[in-house]
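Chemist: Below you'll find the structure I mean.
The values are calculated or read from the model by the stated rules, or taken from the named source; none is laboratory data. On a predicted model such as this, the values are computed, not experimentally measured, just so you know. Methodologically, a virtual Cβ is constructed for each residue, glycine included, from the backbone with ideal geometry; neighbour enumeration extends over all protein chains shown.
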Amino acid sequence: EYGITQSEKLEIGLLTSLPLAKKILQDLNNVIENDQPGLVAYFTKESHMYTLLNILYESYIQLYINRNDLPELDYLSQIIFELYEDSAGQNHSIRLKLSPGCHTQDPLDLELDEKHYISCIPKISLTKHLDFDLVSQRLKSKFKKVSLPKKFTAVNISSPLSVPKSGSIN
């Protein structure tokens, strides 16, 4: 679904999640430029999270977890981009974390607590503190591998047989 070879995983990742990856980098740069604390939340599909992770892996950002060992992503999954600055405000580092969301192996055999819901699995670190400029540079170097159209046009493809003609009896 997301590619077999490394290059297919990157290409599918970019075709699917390039706008999201660019937006994340843009917002992180805005936080640095504005010199104010910030929080940005993005809501997307599970498939876009996997393809975003594929972009990270193919950008040669050193991640603690091998791609094949990633947990299954479920409801309320999160990829967290934590941006830090040194005390002088000159250098910035980034740390990535992941929570696979609310997941249980046996939902029918689950005994719920007094809250009556499945809690989110705690975040796990994907990286140590990495130089933000280096991470940004590595990601941007992969962005040029595909070219997306500037504008997408929605197309409605339907069979002429599926639309009843006026005055016809079904």
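Chemist: What number of residues within the stretch 9-29 satisfy the criterion of being without any contact (Cβ under 8 Å) to a residue 24 or more places away in the chain and touching a Leu at 6+ places or on another chain (Cβ under 8 Å)?
Modeler: Looking only at that region, the number is 0.
Chemist: On to the next question. Just give me the residues in the stretch 1-43 being in contact with a Lys or Arg (Cβ under 7 Å, 6 or more places away or on another chain) and among the acidic types (Asp, Glu), in sequence order.
Modeler: GLU11
Rundown of residues vs (1) at pLDDT 90 or above; (2) touching a helix residue (DSSP H, G or I) at 6+ places or on another chain (Cβ under 8 Å); (3) among the hydroxyl-bearing types (Ser, Thr, Tyr), yes/no style:
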site	(1), (2), (3)
ILE12	yes, yes, no
ASN30	yes, no, no
GLN36	no, no, no
THR51	yes, yes, yes
LEU56	yes, yes, no
ILE61	yes, yes, no
GLU72	no, no, no
ASP86	no, no, no
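Chemist: Ok, one more. In this structure, does LYS128 turn out to be in a strand (DSSP E or B) and modelled with pLDDT of 95 or more?
Modeler: no
Chemist: What is the one condition in (1) modelled with pLDDT under 90; (2) in a helix (DSSP H, G or I) that GLU114 does not satisfy?
Modeler: It fails just one condition, (2).
Chemist: Restrict the check to the stretch 89-105 and report whether at least one residue is surrounded by fewer than 15 Cβ atoms within 10 Å (Cβ to Cβ), in contact (Cβ under 8 Å) with a residue 12 or more places away in the chain and under 20 Å from LEU130 (Cβ atoms).
Modeler: The answer is yes; a qualifying residue exists.
Chemist: Restricted to the stretch 28-39, and to residues that are out of contact with any strand residue (DSSP E or B) (no Cβ under 9 Å at 6 or more places or on another chain) and surrounded by 12 or more Cβ atoms within 10 Å (Cβ to Cβ), which residue is farthest from TYR84 (Cα to Cα)?
Modeler: The residue in question is ASN30.
Chemist: Hey, among LEU83, LEU25, LEU52, which residue is among the hydrophobic types (A, V, I, L, M, F, W, C), part of a helix (DSSP H, G or I) and more than 21 Å from ILE121 (Cα to Cα)?
Modeler: Exactly one residue qualifies, and that residue is LEU25.
Chemist: Kindly evaluate ILE65 against the criterion of being among the hydrophobic types (A, V, I, L, M, F, W, C), buried (at least 16 other Cβ atoms within 10 Å of the Cβ) and not in a helix (DSSP H, G or I).
Modeler: When the stated conditions are applied, ILE65 does not pass them.
Chemist: Need the failing condition index for ILE61 against (1) touching a residue at least 40 places away in the same chain (Cβ under 8 Å); (2) under 20 Å from PRO122 (Cα atoms); (3) hydrophobic (A, V, I, L, M, F, W, C), just the number.
Modeler: (2)
Chemist: Could I ask something else about it? Among the listed residues LEU10, LEU14, LEU53, which satisfies the condition of being within 21 Å of GLY101 (Cα to Cα), aliphatic (A, V, I, L, M) and surrounded by 12 or more Cβ atoms within 10 Å (Cβ to Cβ)?
Modeler: After applying the criteria, what remains is LEU53.
Chemist: Now for a separate question. I want to confirm something. Restricting to the stretch 67-78 and keeping residues that are free of Cβ contacts under 8 Å to residues at least 40 places away in the same chain and under 12 Å from the mean Cα position of the chain (by Cα), which single residue is farthest from LYS123 (Cα to Cα)?
Modeler: Applying the filter and picking the extreme gives LEU73.
Chemist: So, one more: For the stretch 146-169, check the following and say yes or no: at least one residue is modelled with pLDDT of 75 or more and in contact with a His (Cβ under 8 Å, 6 or more places away or on another chain).
Modeler: no
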